[in-house]
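First up is the structure itself, then whatever we jot down about it.
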Amino acid sequence: MALQDRVAKLIAELPKVEQFPTQGATLFIDLERQEVKRAYTPRVVVQTLLAGRGANMFYLYRLLDEQLEPLDPDVPLIFGSGVLTGIVPSAARGNATSWSPESGVLMDGSAGDYFPSFLKMNGIDHLVLYGRPVEWTVIRVTGGQIEFLEGRPYLGLDNDDLRTRIAVDMHGTWARDLAMASITTAGENLVLTSAIMTGPKACFARGGPGAKMGSLRLKAVVLQGQTHDFDTAQPYKGYNKAIATKLLRTSVVKNALRTMGTPFLYRPSRILGAMGTKNNQETTWTDRLDAENITPYRPGMAGCFRCPVNCRPLNDLHGDPDDKYGRGDGPEYVTLGKFGPNLGIDRLESVIRLNNICNDLGLDTASAGSMIAWSMELFQRGIITIKDTGGIDLTWGQADVVEQLLFMMARREGFGNVLADSTRAVERGHFPPEALQYRMAVKGLMQSDPHDARILKAFALGLAVSTRGMDHLRNRATLEINARINDDPAFKAELYGGPVSAAPNHYENKERAVRACENVYAVGDAVGMCRFTTKLFNSPSLPGLEEFSGQIANVTGLNFDVEGLDQVGLNIMGVERMINARLGVRRCDDTLPDRWFNEEIGVGAYKTEKIDRHEFDQLLSRFYEISHLNTDGVPIDEWRRELESVLGA
């Protein structure tokens, strides 16, 4: 069935009016025909999956044709905002969902800044984009109405210059009446490490969303309009104040996120001996990259729409206004690790500059940094040579070479064309098959964060079972490294719904911690909450299912108790696994890189630690059991039929 027919069939089933207060419409936008159709997510779907990431999965499940290829224009790109996005403090996020051209499995990324909230302000919860126009296009949304503009004048512009041009041409001001999701030259060139940018640094990353948007010849979605309050089911601002107070009183927010941002995580990983270094050949690196050392280069902090935390560090290396990459936003912990120890770079100034370049070029720093590190190890081992790289010496630690490689990657020039194909470099004939044993990826996606998980078994399991590939933001049981929690077994059992071993390197009941985190984080995405201000990610004291339940009722009138929301989180994972099953994902794909099974940690208190294959396999089986998954890792028959009845399969 052609996509237009699938869309028509789906729209015929959908409500034509909102189903609860504050619900926005779903717009189906055929870019080739420049046609827009409008409907609403059914109430039963919202009760099962909520909105944002959750309802995105409903639309992808119904519209995906797995007989195509990810970059086919009949594979939709779906944007979604959460049910509380733009309304509740720190709920400023949305998701971009499709079939990943980088990994070949589910693509789903979360981003904040202002785009998801402005989408909600325009009365829209979801955008379903498909079709390839003859000419490049920019979509402008004003007052919920769609206008198709010529995109060609903006081709070749990267993030900084595009944002400058759009603000002038649209007569708007960023963060006041203007927001945007856009691609850079890298996305135009279908670079598999490219992101969809939503701000100077914020982006939908992971899985090649920039390439997917580029395959639709869509340069940008520009949102315009004034911010406003919503007509909610009940008063909600009083509880908003309680949530904001809870956020700002939490130690990790007060003492780390508001002052340093996410780079505060670098030091504990380094001290533990779990900092992925030189493509995870080593696990420790210099203290010169500790967050405190960034302070002299941090002129201030910024934040997302109506978020009181303001956790995004700004940077200025030397105050020279003529140096385009001497100032910017970031770096985050991921970028600090991926472009510092992962590449053998020990100068903080170099890492900050590379961060600023990636932001402008629109590159996912996790995939881009990992791809360069993989290439450097292959060069180190003689698997590729200077002949393969076009004369470029890929020795570790050369920041100037890395800078050159980033521009080549974005433009697909020379060896940059190899880097642009990311994890598919072997499949596309760039590297020999033996290179795969050194690729730090799961389900075709490079590891998202720099933490080497051979020590912390819950971290390892989470990376293996993540539905979008090797990514920590799906289910990271970060509190496993919190000594105070590990010293209180009763409190830890209360957090995770049962006993979990206090020893970070033990396997006992770690599946319980990962399951609990995966549920809470999925609900967080579906309401639009930032991961760093969600319970269990960095603190047991942050807003979680209890607070989400209260504000969902106040804002929408929909009633969920804590157990009901926990089931919603499980449902989202279930639908994602049903989508992945259609794409060929099975139990054998819920695994880890060979290196973590075969090579021991070489330093620190956990020296000689690695992943035991037998213990891991048992851990995975226990995770499947408590997740209501069969031996192939997909929902058991009874649950699958329940989900299909909601999805309309």
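The values are calculated or read from the model by the stated rules, or taken from the named source; none is laboratory data. None of these values were measured; they are calculated from a predicted model. Cβ placement follows ideal geometry from the backbone for every residue including glycine, while neighbour counts extend to all protein chains displayed. Just the protein is used for accessible areas: all its heavy atoms, side chains included, with ligands, DNA and RNA removed. Shrake-Rupley method; radii C 1.70, N 1.55, O 1.52, S 1.80 Å.
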Exercise. Could you look through segment 585-598, keep only residues that are open to solvent by 30 Å² or more (accessible area, probe 1.4 Å) and in contact (Cβ under 8 Å) with a residue 60 or more places away in the chain, and pick out the one that is farthest from CYS517 (Cα to Cα)?
Key: ASP594
Quiz item: Any chance segment 181-200 includes a residue that's within 30 Å of ILE87 (Cβ to Cβ) and open to solvent by 40 Å² or more (accessible area, probe 1.4 Å)?
Solution: yes
Exercise. Would you mind stating whether ARG595 is under 30 Å from ASP113 (Cβ atoms) and in a helix (DSSP H, G or I)?
Key: no
Exercise. Please go through segment 402-445 and pick out each residue that is of a type in the set (D, E, K, R) and touching a residue at least 12 places away in the same chain (Cβ under 8 Å).
Key: GLU403, ARG411, ARG412, ASP421, ARG424, GLU434, ARG439, LYS443
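Residue-by-condition table, conditions (1) of a type outside the set (A, V, I, L, M); (2) assigned to a loop (DSSP other than H, G, I, E, B):
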position	(1), (2)
VAL334	no, no
LYS338	yes, no
ASN356	yes, no
PHE379	yes, no
ILE383	no, yes
ASP393	yes, yes
GLY397	yes, yes
VAL401	no, no
Quiz item: Does SER350 count as assigned to a helix (DSSP H, G or I), surrounded by fewer than 24 Cβ atoms within 10 Å (Cβ to Cβ) and of a type in the set (S, T, N, Q)?
Solution: yes
Practice problem: Collect the residues in segment 306-326 that are of a type in the set (Gly, Ala, Ser) and either open to solvent by 30 Å² or more (accessible area, probe 1.4 Å) or closer than 22 Å to SER90 by Cα (or both), keeping them in residue-number order. | Solution: GLY319
Quiz item: Do we have any residue at all in segment 479-494 that's under 19 Å from the mean Cα position of the chain (by Cα) and either surrounded by 24 or more Cβ atoms within 10 Å (Cβ to Cβ) or under 13 Å from PHE623 (Cα atoms) (or both)?
Solution: no
Practice problem: Report whether or not LEU157 is free of Cβ contacts under 8 Å to residues at least 40 places away in the same chain and within 25 Å of the chain's Cα centre (by Cα). | Solution: yes
Exercise. Please enumerate the residues belonging to segment 501-546 that are buried (at least 21 other Cβ atoms within 10 Å of the Cβ) and either at positive phi or among the acidic types (Asp, Glu) (or both).
Key: GLU511, GLU518, ASP525, GLY528, LEU536
Self-check item: Of all residues making up segment 111-157, the number that are within 16 Å of PHE204 (Cα to Cα) and surrounded by 24 or more Cβ atoms within 10 Å (Cβ to Cβ)
Solution: 12
Practice problem: Determine if segment 264-274 includes at least one residue that is within 23 Å of ALA460 (Cα to Cα), of a type outside the set (A, V, I, L, M) and in contact with a Gly (Cβ under 6 Å, 6 or more places away or on another chain). | Solution: yes
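Conditions tested, residue by residue: (1) of a type in the set (Phe, Trp, Tyr); (2) in contact with a Ser or Thr (Cβ under 7 Å, 6 or more places away or on another chain); (3) in a loop (DSSP other than H, G, I, E, B); (4) more than 30 Å from PHE115 (Cα to Cα).
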| site | (1), (2), (3), (4) |
| --- | --- |
| GLN437 | no, no, no, yes |
| SER448 | no, no, yes, no |
| ARG454 | no, no, yes, yes |
| MET470 | no, yes, yes, no |
| ARG476 | no, no, yes, no |
| LYS492 | no, no, no, yes |
| TYR507 | yes, no, yes, yes |
| GLY524 | no, yes, no, no |
Quiz item: If you check ARG468 against the conditions, is it within 15 Å of ARG206 (Cα to Cα), in contact with a helix residue (DSSP H, G or I) (Cβ under 7 Å, 6 or more places away or on another chain) and open to solvent by 10 Å² or more (accessible area, probe 1.4 Å)?
Solution: yes
Exercise. State all residues of segment 475-492 that are farther than 18 Å from ALA453 by Cβ and out of contact with any Phe, Trp or Tyr (no Cβ under 8 Å at 6 or more places or on another chain); if no residue qualifies, say none.
Key: ALA483, ARG484, ASP487, ASP488, PRO489, ALA490, PHE491, LYS492
Quiz item: Of all residues in segment 327-347, which are surrounded by fewer than 21 Cβ atoms within 10 Å (Cβ to Cβ), in contact with a strand residue (DSSP E or B) (Cβ under 7 Å, 6 or more places away or on another chain) and over 17 Å from ASP113 (Cα atoms)?
Solution: ARG327
Quiz item: So which residues in segment 139-148 are in contact (Cβ under 8 Å) with a residue 60 or more places away in the chain and under 16 Å from ASP30 (Cβ atoms), if there are any at all?
Solution: ILE139, VAL141, ILE146, PHE148
Quiz item: Which one is farthest from ARG93 (Cα to Cα), of the residues in segment 258-305 that are touching a helix residue (DSSP H, G or I) at 6+ places or on another chain (Cβ under 6 Å) and in a strand (DSSP E or B)?
Solution: THR277
Self-check item: Residues located in segment 107-136, provided they are in a helix (DSSP H, G or I) and under 21 Å from ARG62 (Cβ atoms)
Solution: LEU119
Self-check item: Checklist (1) touching a residue at least 60 places away in the same chain (Cβ under 8 Å); (2) under 20 Å from the mean Cα position of the chain (by Cα); (3) open to solvent by less than 10 Å² (accessible area, probe 1.4 Å) applied to GLY369, failing item
Solution: (1)
Quiz item: Which of the residues spanning segment 203-215 are surrounded by 24 or more Cβ atoms within 10 Å (Cβ to Cβ), outside any strand (DSSP E or B) and on the phi < 0 side of the Ramachandran plot?
Solution: ALA205, PRO209, GLY210, ALA211, LYS212, MET213, GLY214
